[in-house]
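Chemist: Quick one: the structure is below, questions incoming.
The values are calculated or read from the model by the stated rules, or taken from the named source; none is laboratory data. Bear in mind the structure is a predicted one, so any value in this text is a computation, not a measurement. Methodologically, a virtual Cβ is constructed for each residue, glycine included, from the backbone with ideal geometry; neighbour enumeration extends over all protein chains shown. Note: areas computed on protein heavy atoms with side chains; ligands, DNA, RNA excluded. Shrake-Rupley method; radii C 1.70, N 1.55, O 1.52, S 1.80 Å.
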Amino acid sequence: MNFDRHRRMRRTAYMRDMVRETKVGKEDLIYPIFVVEADDVRKEVPSMKGVFQVSLNLLEKELAEVNDLGIKSVIFFGIPNEKDPEGTGAYHDHGVVQEACRLSKKHYPEILVILDTCLCEYTDHGHCGLIDSKTQDVDNDLTLPLLVRTAVSQAKAGADIIAPSNMMDGFVSEIRKGLDDNGFRHIPIMSYGIKYSSKFYGPFRDAAESTPSFGDRRTYQMDPANRLEAQRELESDLAEGCDMMIVKPALSYLDIIRDVRNNSNVPVIAYNVSGEYSMTRTAVDMGLLDEAVIMEQMVSMKRAGADMIITYFAKDICRMIDEGME
Ligand code: PBG
């Protein structure tokens with residue numbers, strides 16, 4: 001029988017490990033946490049089994065678990081007590097994510113904190129910026145200064161990385177300038193510059209209570225059918241000074257991750273979004289698929305070119321790594 005080179009190298013677990021091209025480690029993972037401003041909340045998100053909204057006063061416990069599992073980075077999303085048309089909770093110096101960040105830095109200074117810079121969780125209409133009453137669409141230029149205020153207040157609270165996610169034109173350069181002018185030249189920007197207008201965000205909008213009350217986000221997020229447009233978004237964000245690039249969603253967009261990897265030299269982050277999480281979680285929980293598919297999905301994102309992965313599976317993956325799953 002023909003015993004070729006590939007089969008020779010697959011013979012033992014040690015050899016398979018040695019020649020494995022793509023590895024997933026705890027340091028690759030960024031864990032999203034939904035933080036509630038109100039007290040004493042630890043509520044499972046109905047559409048995301050295993051994911052909880054956690055109130056500020058219970059956050060320390062959550063971070064203890066994260067830290068014990070070996071997760072090294074988190075991204076906080078906030079659920080404020082009150083929302084208004086201008087999303088003032090986003091740029092309040094004592095807003096919910098600003099306080100979550102302070103608390104995290106106080107108890108676990110070694111955990112890296114990324115803050116999402118957007119208004120949608122703080123506006124009563126659920127859009128990512130100010131609404132122009134004539135067009136009923138987001139006003140790009142009036143929104144920019146509010147994003148800058150948000151980013152600066154997040155940096156003041158101790159955020160290690162600012163992740164602007166609302167896709168306004170010029171948002172990276174404005175935020176860069178705002179950070180620089182306020183003494184935060186050292187804080188990197190991880191841009192959600194390639195963000196598709198996707199139905200895979202559905203469960204997140206439940207979790208963050210940020211579903212738009214009218215219209216949709218198609219004027220500021222990208223058409224899933226477009227690949228060259230991602231190239232243009234990448235080029236403009238890089239020219240504006242972004243330090244790292246997020247592609248979102250991830251699994252239906254692996255070609256885009258590969259394009260960004262091949263056409264830039266910045267770190268690429270795959271956002272394994274809420275809908276992707278819930279689909280896999282449900283299939284695994286129902287016994288339709290083996291839990292190992294979770295790792296296979298992580299490997300596929302890294303193989304496509306991602307350096308890091310934002311994923312609600314971070315805790316599960318840490319456990320699997322501890323149990324020695326390949
Ligand atoms: C916007 C934001 C969204 C997600 C992350 N940041 C929602 C949106 O664009 O509607 C979605 C992430 C997910 O689905 O897991 N602040």
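Chemist: Percent relative contact order of the chain, based on C-alpha pairs within less than 8 angstrom and at least six residues apart?
Modeler: Once normalised by length, the contact order is 18 percent.
Chemist: Let me ask something else about it. Give me the 1.4 Å probe accessible area per residue for region 21-322, excluding ligands and nucleic acids, in Å².
Modeler: Details: 12270 Å² over 302 residues.
Per residue, region 21-322 has 41 Å² of solvent-accessible surface.
Chemist: Something else: Write down the percent of antiparallel bridges among all DSSP beta bridges whose residues are both part of the chain, to the nearest 5.
Modeler: So the antiparallel bridges amount to about 15 percent of the total.
Chemist: Something else now. Just the Cα atoms of region 241-307, one point each, no solvent: what log10 I(q)/I(0) does Debye give at q = 0.11, 0.22 Å⁻¹?
Modeler: Result of the Debye calculation: -0.28, -0.86.
Chemist: Also: Run the dipole for region 166-223 about the Cα centre, Lys and Arg Cβ at +1, Asp and Glu Cβ at -1, nothing else charged, and hand back the magnitude in debye, nearest 20.
Modeler: The dipole of region 166-223 has a size of about 120 debye.
Chemist: What's the angle, to the nearest 10 degrees (0 to 90), between helix 171-181's Cα axis and the longest principal axis of the chain?
Modeler: 70 degrees
Chemist: A follow-up question, please. Taking a ≥ b ≥ c as the square roots of the eigenvalues of the Cα gyration tensor of region 173-326, is the shape rounded (a/c under 1.5), prolate (a/b larger than b/c) or oblate?
Modeler: prolate
Chemist: Which of the listed residues, GLY183, GLY241, ALA314, is farthest toward the dipole's positive end in the chain, when Lys, Arg count +1 and Asp, Glu count -1 at the beta-carbon?
Modeler: Towards the positive end, the residue furthest out is ALA314.
Chemist: Okay, next question. Please list 56-63, 249-256 highest first by mean number of surrounding beta-carbon atoms within 10 Å per residue.
Modeler: 249-256, 56-63
Chemist: Now, a different point. Enter the mean projected area of the convex hull around the alpha-carbon atoms of region 1-61, in nm², rounded to one decimal.
Modeler: For region 1-61, averaging the hull's shadow over all directions gives 7.7 nm².
Chemist: Where a ≥ b ≥ c are the square roots of the eigenvalues of the C-alpha gyration tensor, would you call region 21-322 rounded, which needs a/c under 1.5, or, failing that, prolate if a/b is larger than b/c, or oblate?
Modeler: Numbers: a/c = 1.33, a/b = 1.14, b/c = 1.17.
Since a/c stays below 1.5, the shape of region 21-322 is classed as rounded.
Chemist: Counting each DSSP H run of 4 or more residues in the chain as -39500 (n - 2.57), what helix-only mean residue ellipticity at 222 nm follows after dividing by all residues, to the nearest 500 deg cm²/dmol?
Modeler: -11500 deg cm²/dmol
Chemist: Let me ask something else about it. Which percentage, to the nearest 5, of the DSSP beta bridges contained in region 38-129 is antiparallel?
Modeler: Just about 45 percent of them are antiparallel.
Chemist: Please determine, in degrees from 0 to 90 and to the nearest 10, the orientation of helix 228-240 with respect to the longest principal axis defined by the Cα atoms of the chain, where the helix direction is its Cα long axis.
Modeler: Taking Cα atoms only, the helix is inclined about 60 degrees.
Chemist: Taking LYS302 as the anchor, which aspartates and glutamates have their alpha carbon closer than 15 Å to its alpha carbon, excluding any fewer than eight residues away along the same chain?
Modeler: GLU21, GLU27, ASP28, ASP255, ASP259, GLU326
Chemist: Continuing with the same structure: With a 1.4 Å probe and every protein chain kept in, tell me what percent of the accessible surface of the chain is carbon plus sulfur.
Modeler: Of the solvent-accessible surface of the chain, carbon and sulfur hold 50 percent.
Chemist: Another one. For the chain, with only Lys/Arg (+1) and Asp/Glu (-1) charged at the beta-carbon, what is the dipole magnitude about the Cα centre, in debye rounded to 20?
Modeler: It comes to approximately 1320 debye.
Chemist: Now, a different point. Along the principal axes of its C-alpha atoms, what lengths does region 198-281 span, in descending order and rounded to whole Å?
Modeler: 35, 29, 23
Chemist: Quick one: accessible surface of PHE313, probe radius 1.4 Å, all protein chains present, in square angstrom to the nearest 10.
Modeler: 0 Å²
Chemist: Compute the helix-to-body angle for 96-107: its Cα long axis versus the longest principal axis of the chain, expressed 0 to 90° and rounded to tens.
Modeler: That works out to roughly 50 degrees.
Chemist: Of ASP17, ASP316, ASP259, which has the largest mean-square fluctuation in a 10 Å C-alpha GNM of the chain?
Modeler: Largest GNM mean-square fluctuation: ASP17.
Chemist: Check cross-link reach from LYS61 to the lysines: straight Cα distance under 17 Å, and skip same-chain residues fewer than eight apart.
Modeler: The qualifying lysines are LYS43, LYS72, LYS105, LYS106, LYS315.
Chemist: Which of the peptides 165-173, 107-115 is most tightly packed, and how do the rest follow, judged by the mean count of other Cβ atoms within 10 Å per residue?
Modeler: Result, highest mean first: 165-173, 107-115.
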